Structure formats: structure tokens, C-alpha cells
């Protein structure tokens, strides 16, 4: 019998000192999920800031993966 496909939505809190580090840590979690489950295709749909004990929520406009120094060094130019 072939496995059925399910979609799971996770809500994970990431603590970071700024937007850049929040994006970086979110993408690191995504990579860990993808590596742990072969063929995993986790998707980051939204990143936002919500201070503890407050209702205010700020959605980040840029949720792309920050480019690390290691990745820059690997570029062919």
C-alpha cells in the first residue's frame, strides 16, 4: 500500500536579535527538516515579529534566505 500525502502546518517561535537573524534561523530549521526527511520540501510561508505579551504583530516583507559568507565564496565569480 502506498503512503498517503499529508500537509502539516507548523508554527515555530524563533528568538533572534534582528530580522536578518530571524530569517537565517528560520531557513536553518527548514534545512534540518529537509535533511531529516529525505525528499522533504518544507516551505517558509511567513515570518513575523510578535513581542512576548503583546498583540502587535509585524510581518516581514523579505523572508528570503540570507546569503552567508560560505555561499558567497562558493559562487563562481
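In the range 1-50, how many residues are touching a strand residue (DSSP E or B) at 6+ places or on another chain (Cβ under 9 Å) and surrounded by fewer than 10 Cβ atoms within 10 Å (Cβ to Cβ)? Of the residues in the range 1-50, 1 are touching a strand residue (DSSP E or B) at 6+ places or on another chain (Cβ under 9 Å) and surrounded by fewer than 10 Cβ atoms within 10 Å (Cβ to Cβ). For residue 40, the stated conditions hold: it is at pLDDT below 85 and part of a loop (DSSP other than H, G, I, E, B).
The values are calculated or read from the model by the stated rules, or taken from the named source; none is laboratory data. Please read these numbers as outputs of a predicted model, since none were measured by experiment. Please note: Cβ atoms are built from the backbone with ideal geometry, for glycine as well, and neighbour counts cover all protein chains shown.
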